[in-house]
1. Whether any residue in segment 148-159 is buried (at least 18 other Cβ atoms within 10 Å of the Cβ), touching a Phe, Trp or Tyr at 6+ places or on another chain (Cβ under 8 Å) and modelled with pLDDT of 95 or more is what I want to check.
2. Could you give every pair whose Cβ atoms fall below 7 Å, whose first residue belongs to segment 237-257 and is of a type in the set (D, E, K, R), and whose second residue is exposed (fewer than 14 other Cβ atoms within 10 Å of the Cβ) and at pLDDT below 85, counting only separations of at least 6 or pairs across chains?
3. Of all residues in segment 1-54, how many are of a type outside the set (S, T, Y) and under 14 Å from the mean Cα position of the chain (by Cα)?
4. Only one of L91, L95, L150 is in contact (Cβ under 8 Å) with a residue 40 or more places away in the chain and not acidic (D, E). Can you tell me which?
5. Among the residues of segment 200-207, is there at least one that is of a type in the set (A, V, I, L, M), under 17 Å from G79 (Cβ atoms), modelled with pLDDT of 95 or more and within 21 Å of the chain's Cα centre (by Cα)?
6. Checking the condition outside any loop (DSSP other than H, G, I, E, B) and of a type in the set (G, A, S), which residue from A36, A8, A87 passes?
7. Which of the residues spanning segment 68-96 are at pLDDT 95 or above, aliphatic (A, V, I, L, M) and surrounded by fewer than 21 Cβ atoms within 10 Å (Cβ to Cβ)?
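The values are calculated or read from the model by the stated rules, or taken from the named source; none is laboratory data. Values in this document were obtained by computation on a predicted structure and should not be read as measured data. Note that we place each Cβ from the backbone using ideal geometry, even for glycine, and neighbour counts take in every protein chain shown.
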Amino acid sequence: MKALITGASSGLGRDMARVLSSMGYDIIAVARREEALLELKAELKTEVTVVKCDLSKEEECMALSRYAKETDILINNAGFGVFGEFAESELSSELKMIDTNVRAVHILTKIFVKEFKKRGSGHILNVASLAAFFPGPLFGAYYASKAYVLRLSQGIAEELRKEKSKVKISVLCPGPVHTGFEKASGVSFGTGTEKMKGMILESRPVAEYAIKKMLSGKEVIIPGFLMKAGVFMRHFLSDKALAKALYFIQSKKMIGK
């Protein structure tokens, strides 16, 4: 058994590698930071193949196709956000984010779905975010990229279901999780009383929950009761009201505020 995990050098990707390795899976660990991947390799008990890869580059995504025939699980976890007002944020950073969060997920999902369908088995887990369900002022391009991942995954899931395929695709939509995401995006999830209310989850339990639900065939995976409640309650507010509320929340996340 073998799993390919992008963004495996830190955060959820690293912890999902740990969880799957503890279950006996060999790991193909993909990320830009080779040193961190080698540290992970030294830690895990199963076989680990280290692949240094910049997923914002199409040709490097396509090169991962050589692993499709030997892989049982694909986890598209790599991604990052660009925080700030849309008119002021850096276009080059946003385009790189879209290439990583959207294009890379699209490319790898297509490659692996095709191969898994030929074989008649396989699991794909695309990592989106709770952001996928909401408008995202001050984080608009990131929220939009995760909405793409959610809707793409749901559409493919229905196609596979209609074909009675044994290939399964799931999408993970976590709320705030303590990972390297905060530092990379220039935001802080630790403001106010969020920690006391249990709104910020730790990476390892989320990874364990995600793997368990993925293997059981769950389509949309939302860790945490409060996050599930938030997704449900969004139906009772207009998009305009949600955008206003989220602008206030997002403005408090900026480091230094």
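1. Checked against the condition, which is being buried (at least 18 other Cβ atoms within 10 Å of the Cβ), touching a Phe, Trp or Tyr at 6+ places or on another chain (Cβ under 8 Å) and modelled with pLDDT of 95 or more, segment 148-159 yields at least one hit.
2. What qualifies is K252/G192; K257/S251.
3. First pass over segment 1-54, keeping only residues of a type outside the set (S, T, Y): 1-5, 7-8, 11-20, 23-24, 26-45, 47-48, 50-54.
Checking the rest, the ones that are also under 14 Å from the mean Cα position of the chain (by Cα) come to 4-5, 7-8, 11-17, 30-31.
Of the residues in segment 1-54, 13 are of a type outside the set (S, T, Y) and under 14 Å from the mean Cα position of the chain (by Cα).
4. One residue alone meets the criteria, L150.
5. yes
6. Criteria check complete, one pass: A36.
7. Of everything in segment 68-96, those that are at pLDDT 95 or above, aliphatic (A, V, I, L, M) and surrounded by fewer than 21 Cβ atoms within 10 Å (Cβ to Cβ) turn out to be A68, L91, L95.
Yes or no, residue by residue, for (1) of a type outside the set (A, V, I, L, M, F, W, C); (2) within 19 Å of A8 (Cβ to Cβ); (3) not in a strand (DSSP E or B):
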| residue | (1), (2), (3) |
| --- | --- |
| V50 | no, yes, no |
| L55 | no, yes, yes |
| G81 | yes, yes, yes |
| S93 | yes, no, yes |
